[in-house]
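The values are calculated or read from the model by the stated rules, or taken from the named source; none is laboratory data. What you see is a predicted model; the values in this text were computed from it and never measured. Cβ atoms come from the backbone with ideal geometry, glycine included; neighbour counts cover every protein chain shown.
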């Protein structure tokens, strides 16, 4: 999720961008911005960079394993007698 310190910084920057006339309300506006940003980011189902990197690594390992298994299946299919190459194991027909 989005770090609270990042939300605070963003809310502060938004409140600083307000015209001078509204600077008197800066504290209230900053809190309102924080609440709005937090609610908006919560609805987005964001993940942290760390969680993203972990999932990316898992996906890469899974993809590599799949490629190894596909290569092994291909080797095994080549080793079958010619007439059996197109025979597939179908759980509904066995």
When residues of the stretch 32-66 are limited to those that are in contact (Cβ under 8 Å) with a residue 12 or more places away in the chain and over 9 Å from the mean Cα position of the chain (by Cα), the one farthest from residue 8 (Cα to Cα): 42
So residue 87, is it modelled with pLDDT under 85 and surrounded by fewer than 11 Cβ atoms within 10 Å (Cβ to Cβ): yes
Flagged in the stretch 45-84 as closer than 30 Å to residue 6 by Cβ and outside any helix (DSSP H, G or I), in numbering order, are 45, 46, 47, 48
